[in-house]
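The values are calculated or read from the model by the stated rules, or taken from the named source; none is laboratory data. Note that this is a predicted model, so its numbers are computed, not measured. Here Cβ is always computed from backbone atoms with ideal geometry, including for glycine, and neighbour counts include all displayed protein chains.
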Amino acid sequence: MKLATFPALALLALAMVMFNACSNATPNLTGEWKLVSYGNATNPTPALPGVDTTISFNEGQFGGTVGCNTFGGDYQVNGNQITIDSIVSTLMFCTETSAQESAVLTILSNQALNISLSGSQLTLSSQNGASVVVFERK
């Protein structure tokens with residue numbers, strides 16, 4: 001092997017190690033997120049306009065509002081998956097937001113969701129990839 005090739009190989013190896021470390025990093029969900037869309041992953045439903053639907057994550061606990069009702073609970077992140085323990089929610093019935101509230105809480109109630117962060121957008125998807133909830137950082 002030529003001596004000039006060795007530094008190039010060492011640099012390539014270091015880059016591969018750093019890339020692998022970055023790809024296994026735990027996503028940072030801390031902060032407040034506003035609902036963008038939800039439902040079927042191939043054709044998600046846009047969030048209702050003018051309805052404050054948010055979720056906040058902070059040190060193993062989350063909470064938010066799905067329009068009419070508030071909710072919260074505990075969560076754990078392991079790699080690119082989030083496990084949400086049982087969700088506690090108020091139970092007021094609001095006709096204009098009930099379908100959105102029900103769909104979002106049902107998806108979040110899956111025991112483990114895949115996490116995808118792209119820029120300021122957070123996508124939580126079911127294990128089979130069929131359902132998603134998409135948020136944007138506030």
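For segment 55-79, filtered to residues that are of a type in the set (Val, Ile, Thr) and within 21 Å of Ser126 (Cβ to Cβ), the residue that is farthest from the chain's Cα centre (by Cα) is Val66. For residues that are without any contact (Cβ under 8 Å) to a residue 40 or more places away in the chain and outside any strand (DSSP E or B), scanning just segment 63-91, find the one that is nearest to Val134 (Cα to Cα). Only one residue tops the list, namely Gly67. Evaluate the following for Gly67: is it modelled with pLDDT under 95, crowded, with 16+ Cβ neighbours inside 10 Å, on the phi > 0 side of the Ramachandran plot and not aliphatic (A, V, I, L, M)? When the stated conditions are applied, Gly67 passes them. Among the residues of segment 101-115, at least one is within 17 Å of Ser56 (Cβ to Cβ), part of a strand (DSSP E or B) and at pLDDT 95 or above.
Residues in segment 86-138 that are among the β-branched types (Val, Ile, Thr) and within 21 Å of Glu32 (Cβ to Cβ): Ile87, Val88, Thr90, Thr97, Val104, Ile107, Ile115, Thr123, Val132, Val133, Val134. Checking every residue in segment 80-97 against the condition of being closer than 15 Å to Leu122 by Cα, surrounded by fewer than 13 Cβ atoms within 10 Å (Cβ to Cβ) and not β-branched (Val, Ile, Thr) gives zero matches. Test Gln81 against the stated conditions and say whether it is modelled with pLDDT of 95 or more and either hydrophobic (A, V, I, L, M, F, W, C) or in contact with a Phe, Trp or Tyr (Cβ under 9 Å, 6 or more places away or on another chain) (or both). Criteria not met by Gln81. Scanning segment 123-137 turns up no residue that is surrounded by 18 or more Cβ atoms within 10 Å (Cβ to Cβ), assigned to a loop (DSSP other than H, G, I, E, B) and of a type outside the set (D, E, K, R). Within segment 1-49, the set of residues being assigned to a loop (DSSP other than H, G, I, E, B), at pLDDT 85 or above and not hydroxyl-bearing (Ser, Thr, Tyr) comprises Pro27, Asn28, Leu29, Ala41, Asn43, Pro44, Ala47, Leu48, Pro49.
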